[in-house]
Amino acid sequence: MTEDSYHYGIIRRAIDVIDAQDGAPLPLDELARQMDMSPAHFQRVFSSFAGVSPKRFQQYLTLGHAKTMLRDRFTTLETADAVGLSGTGRLHDLFIKWEAMSPGEYARKGRGMTISYGWFDGPFGDTLTMGTERGICGMAFAAESTREATFSDMSARWPNATFIENADLLREWTGNAFGGTGDTQLFLIGAPLQIKVWEALLSIPTGHVSTYSELAIAANAPRAVRAVGTAVGRNPISWLIPCHRALRKSGELGGYHWGLPVKRAMLAYESALTDMEPSTDGRKPAAQMGLGLRQTDGTPV
């Protein structure tokens with residue numbers, strides 16, 4: 001198991017332990033004991049992942065944290081302020097450039113397209129990236145499933161495409177996605193409403209959240225909240241198009257295609273990043289420097 005998968009595995013186990021406490025926070029020693037780790041090791045793992053103490057990160061992982069975010073970090077999305085299809089979006093020190101497939105191309109369901117794919121070890125577990133020369137068109141997580149099921153799910157979205165394993169094409173973009181530096185090119189393959197919803201998701205700032213109804217307004221479909229929710233769930237480029245930042249009005253997390261534990265880990269990580277203060281020497285905290293990325297054989301990218 002590589003370092004990033006190990007870190008996510010610890011976060012995943014911590015979620016189960018925290019949920020079993022019914023909202024009561026656990027002291028460091030007790031939480032570490034339930035994780036079968038020494039307090040010092042547990043502290044190092046969490047600090048390496050998020051840059052904050054296990055006690056603080058535990059608060060971000062609780063089920064009630066989403067309601068706090070909706071109260072304190074709710075973003076009202078205005079259509080006029082949404083990122084244009086020919087523009088750029090900024091996501092945690094990462095410049096995203098993107099373009100959308102034409103409706104005609106979309107109707108062909110990938111016919112004539114060659115989509116490359118590769119598996120990488122990322123901060124939220126085993127990561128599948130898909131893309132063409134025009135950019136990443138898919139990013140998925142297999143931590144709560146299997147590689148086979150994850151690949152089948154993604155490839156079924158473009159049933160007429162040809163898929164080839166070619167991690168080299170995707171390595172730099174994927175590394176930038178998790179490393180927090182450099183440009184990442186996205187190629188959005190979807191129906192017109194889906195593209196509008198994904199565009200609105202890109203305008204939600206890191207560490208903030210919005211609701212499905214706000215996304216519907218931003219997509220010029222205020223009465224189509226259910227369809228918008230479906231478009232959020234069908235977002236093929238997880239993390240980079242941040243569907244994990246969409247919540248229900250009640251503050252409940254709602255669903256997440258790759259598993260709610262992954263969504264909670266993402267929200268917790270971004271909350272920690274947002275709350276951290278810059279160090280006294282002016283450098284960014286560890287978590288803001290970006291999460292490392294490795295290929296699944298453990299080789300650094």
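Over the stretch 135-229, Cα pairs under 8 Å with separation of 6+ residues give a relative contact order of 24 percent. Sorting Phe124, Phe187 by the number of Cβ atoms found within 10 Å of their own Cβ, with the fewest placed first, yields Phe187, Phe124.
Cross-link partners of Lys249 among lysines, defined as those whose alpha carbon lies under 19 angstrom from its own and excluding same-chain residues fewer than eight positions apart: Lys67, Lys263. Cβ crowding within 10 Å, taken as a proxy for footprinting-reagent exposure, orders Val17, Val228 from fewest neighbours to most as Val17, Val228. Residues whose amide H comes within less than 5 Å of that of Ile115, counting only those at least five positions distant or on another chain, are Thr162, Phe163, Ile164 (H built at 1.01 Å from N in the peptide plane).
Peptides 167-173, 56-62, ordered by how many other C-beta atoms sit within 10 Å of their residues on average, highest first, read 56-62, 167-173. Whole-Hz Karplus values for the stretch 219-232 come out as 8, 6, 9, x, 9, 10, 4, 5, 5, 5, x, 5, 5, 4 Hz, taken residue by residue from phi with 6.51 cos²θ - 1.76 cosθ + 1.60 and θ = phi - 60°; glycine and proline positions read x.
The HN-Hα couplings worked out from phi for the stretch 10-17 by the Karplus form 6.51 cos²θ - 1.76 cosθ + 1.60 (θ = phi - 60°) are 5, 4, 4, 5, 5, 4, 5, 5 Hz, whole numbers, x standing for Gly and Pro. If both residues of a DSSP beta bridge must be in the stretch 109-240, then about 70% of such bridges are antiparallel. Cross-link partners for Lys97 among the aspartates and glutamates, with Cα-Cα distance under 19 Å and sequence neighbours closer than 8 places in the same chain left out: Asp81, Glu133, Glu172, Asp183, Glu199.
Rule-based calculations on the coordinates, nothing more; no lab input. These numbers come from a predicted model, not from an experiment. Cβ: placed from backbone, ideal geometry, glycine included. Neighbour counts: every protein chain shown.
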